[in-house]
Amino acid sequence: MDVLKKKEDELLDTFSAYIKAEEKHLATLRGSRVLLALYLHQIGDGEGSEPLTAYQLMQRLRVEWATIMKFTKKSLFQNYQDLMEEEFHELPTEDDVDGAALGIIRLQEMYKLYPENITTNPLTGISFDLKWERSFKLGKVAYSHESYQHAFLWFFKSLQKLGATKEENSDTYKKLLLEYLSSSAYEFGHVPLAVYFSKQRVNIDPGDLQARLDLTVYKGKLSQHTKTPDIFTLSETSTSTYEALCRGEELNMKSRRRRQLSCRYSTGGGNPRLMYAPVKEEEVWDDPPIMTYHDVFSEAEIEQLKNLSRPWLERSKVSTEDGYGGISYNRVSQTVWLKDEDAPVVSSVSQRLSDITGLGMESAEPLQVLNYGVGGHFSPHYDTLERSSDSLDGDRMATIMIYLSDVSYGGSTVFPEIGASVKPQKGSVVMWYNLLRNGQGDWRSLHGGCPVYQGSKWVAVKWVHERGQEFRRQCSLSETE
């Protein structure tokens, strides 16, 4: 969003400069009085047969109009068009717009938000004037993803906005909205509303056979209708532990267990580089251990990582059955990989992560930097590799995540199996193990990135593989650990 904001500022400045240049150019043309002179010398009907008149006409067409062509070529119109053609390729595509709309629907589903919540600035309380067409677009995106209650609420808001405008062809648009309203109400389970809105469609156009057919179908379903859910009220009950944690509901974390967790200054097991500057270590969870290290990286280091990453960010992908990466609704973010040799700050980050965690980085993957915009998220997943035998370094033993930004609302990293949650804190590091000490995957390491509601979430992730860590994280005497 920061990049797009800067791009819009550049386009506005360019457009403003273009208008000023064109106004100056037109003023020059008016000041030259060329047009007036041409009108004064314009010949009348029948005068073209006179030799001198004919000569003057030919001279004028050849010389004076050639001069006019030179003047008009000084216009920036074509230059501006060429510039816009180049810029257009860097602007959001229709898929990007649909993705942003889907992100809004995802936020509504996760945080139980009404259209009024979305269209009101939570900091100022000022409502955005969202046009009916954009509310309709959000409703269609929600409808296509079978989020029928949110679709209905957006269509209803769009109908209200349409009624307050003097839009041409308003009856045509109203019929379309009523069709979507009746269909989304029916899919949600509110058949009486489906009948009600279908009747309105028929009233607008009694000759609409499709509207009359839909009305007949919905009326026929009324006899089978036993329960009517409240389509105007969102359920406050979370449908999953993941959603509950993302919404800030505390699960499993009893006060007695919370008192057992501790904070301390750590030297990473006696690392010389931390003896005089120990790191702040906090237990987020005790079993399995999830640790947060506070104030590890400076503002300057964070900005260097972001600046290195921005030009190379691409849409994040997930593993597919055929072994290739694919774009998925379950993961919405942008990604870039940075190697230690790419810049001194990257190798410095790797060294410090090794210092504070006590793990070796020889078998670690390159640093992955990710950006989650509004609505960006990653559904619950495991960080272990699907084909660990393909890796000489073994499976991903540990995940080390650096928070490169704060997030105003949303964006937490949550662990649904154990009920733990970590809120992004700029400059801090969170670490957990994906494998037990015996090398088997730990099902409790299931985790997900909650959708970002306000702000932009930047993280950097380092995955450390199991091979080479034998003397750093030794096997237990128990084969189940």
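The values are calculated or read from the model by the stated rules, or taken from the named source; none is laboratory data. Worth saying up front: this structure is predicted, and the values here are computed from it rather than measured. No Cβ is skipped: glycine too gets one built from the backbone with ideal geometry, and neighbour counts run over all protein chains shown.
At a glance:
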quantity	calculated
Index of the failed condition, Ser135 passing every other in (1) closer than 22 Å to Lys199 by Cβ; (2) at pLDDT 85 or above	(1)
Candidate set from segment 431-481 (those that are in a loop (DSSP other than H, G, I, E, B) and hydrophobic (A, V, I, L, M, F, W, C)); member that is nearest to Phe297 (Cα to Cα)	Cys450
Whichever residue in segment 268-289 is within 18 Å of Trp432 (Cα to Cα) and not acidic (Asp, Glu) and, among such residues, is modelled with the lowest pLDDT	Gly269
Pairs with Cβ under 8 Å, 6+ apart, first in segment 420-439 and at positive phi, second in a loop (DSSP other than H, G, I, E, B) and not hydrophobic (A, V, I, L, M, F, W, C)	Gly427/Asp295; Gly427/Ser298; Gly439/Gly394; Gly439/Asp395; Gly439/Glu466
Any hit, segment 202-216, residues being farther than 23 Å from Gly163 by Cβ, β-branched (Val, Ile, Thr) and without any contact (Cβ under 8 Å) to a residue 24 or more places away in the chain	yes
Number of positions in segment 141-170 that are surrounded by 17 or more Cβ atoms within 10 Å (Cβ to Cβ) and either part of a helix (DSSP H, G or I) or touching a Pro at 6+ places or on another chain (Cβ under 9 Å) (or both)	17
Within segment 213-242, considering residues that are crowded, with 16+ Cβ neighbours inside 10 Å and in contact with a helix residue (DSSP H, G or I) (Cβ under 6 Å, 6 or more places away or on another chain), the one farthest from Gly376 (Cα to Cα)	Leu215
